[in-house]
Every structure is written in C-alpha cells, then in structure tokens.
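Student: Have a look at this one.
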Amino acid sequence: MPQIVSAVGAVTSPNNGKWNSMNDNNWHSVPELKVDWVMANAGPVAISFNLSVPMNGAIVTHLKLDNAVVPSTNVVVGNTAYATNVGTYYVVLPKGPHTVQLEYRTNGASFMFDPAVDYEASRLQVMSFDQ
C-alpha cells in the first residue's frame, strides 16, 4: 500500500487559510503547503500540487524537495485575472525523512489567497511506495 500525505490550504487553519502574497519577485513558501514524511524503504514517489489564485498578473511556482529546488517543476502562468499552477513530479527517494514545499514568486499585483472563495485552492500531495 502506498503512503499518502497531504497539505491543503483550508478554512479551518489559522487565519482561516488566508494569506497575502509578496510581489518582490523573490521565492516565498506557499503557506500551509509543506509536507514532511518518513519512508520506511527506498522507493518511487509521486508529488502533485496546485495553486489557484486571483492573480491579475503572472506567477511562477516550483517544488523544493529536501531543501533543494527541483527546476523541472517550474510552472508559469501569466497576464491573467486568475492563475492556476498545477504539476506532478515523479522521483525515487531513499529511505528516511523527506520534506517537500511549494514556493511561488511574482512581480505582478499582490493578491490575497482565501480558500473560502470557490475559485481559489491549494494542495500538495505526496504518494510514496515505500512499504
């Protein structure tokens, strides 16, 4: 059986899941989208993510796995009122603890993420086959 671990921006979290973006074109962690897990054995892992925001500009996202940026996971959505960045990454990882975090950067207009709004959502999910 695979091990499945998820992080979701939710209205039941601190601040009701709301957060304000930074538009300084630097990388920032997406609040609440960090997953820590321990693999009992080495094995394949599937990591998927989505971030839907009211952008009015451009946004770039990528995954950071075990504190290292995974360049092949960059997703860019630009010049749009609403942006949805979606991706999946497959990798084989060794036995032991691991961490994955979704990061974003934008130099466009600032936005407020609110998961109570039906067109805004965030999710980071890890499925590891380590058993």
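The values are calculated or read from the model by the stated rules, or taken from the named source; none is laboratory data. Bear in mind the structure is a predicted one, so any value in this text is a computation, not a measurement. Please note: Cβ atoms are built from the backbone with ideal geometry, for glycine as well, and neighbour counts cover all protein chains shown.
Student: Name the single residue that is farthest from Arg105 (Cα to Cα) among those in the range 11-22 being out of contact with any helix residue (DSSP H, G or I) (no Cβ under 9 Å at 6 or more places or on another chain) and surrounded by fewer than 16 Cβ atoms within 10 Å (Cβ to Cβ).
Tutor: Here the residue is Thr12.
Student: State whether one or more residues within the range 108-128 are part of a loop (DSSP other than H, G, I, E, B), under 30 Å from Asn41 (Cβ atoms) and either touching a residue at least 60 places away in the same chain (Cβ under 8 Å) or not charged (D, E, K, R) (or both).
Tutor: no
Student: Taking the range 19-48 only, how many residues are within 18 Å of Asp114 (Cα to Cα) and under 15 Å from the mean Cα position of the chain (by Cα)?
Tutor: 9
Student: Among strands (runs of 3 or more DSSP E) lying entirely in the range 1-103, which contain 3 or more residues that are touching a strand residue (DSSP E or B) at 6+ places or on another chain (Cβ under 7 Å) and over 21 Å from Gln131 (Cβ atoms)?
Tutor: On the way: elements: 3-8, 28-39, 43-53, 57-65, 68-80, 83-93.
The strands (runs of 3 or more DSSP E) meeting that bar are 28-39, 43-53, 57-65, 68-80, 83-93.
Student: Counting only residues that are touching a residue at least 24 places away in the same chain (Cβ under 8 Å) and loosely packed, with under 13 Cβ neighbours inside 10 Å, how many does the range 48-68 have?
Tutor: So the count comes out to 1.
Student: Out of Val30, Val8, Val38, Val45, report the one residue that is exposed (fewer than 14 other Cβ atoms within 10 Å of the Cβ) and β-branched (Val, Ile, Thr).
Tutor: Val38
Student: Might you let me know whether the range 15-26 holds any residue that is closer than 15 Å to Gln125 by Cβ, hydrophobic (A, V, I, L, M, F, W, C) and either touching a Phe, Trp or Tyr at 6+ places or on another chain (Cβ under 7 Å) or modelled with pLDDT under 95 (or both)?
Tutor: no
Student: For the range 84-120, how many residues are under 27 Å from Val38 (Cβ atoms) and not aromatic (Phe, Trp, Tyr)?
Tutor: Number satisfying all stated conditions: 16.
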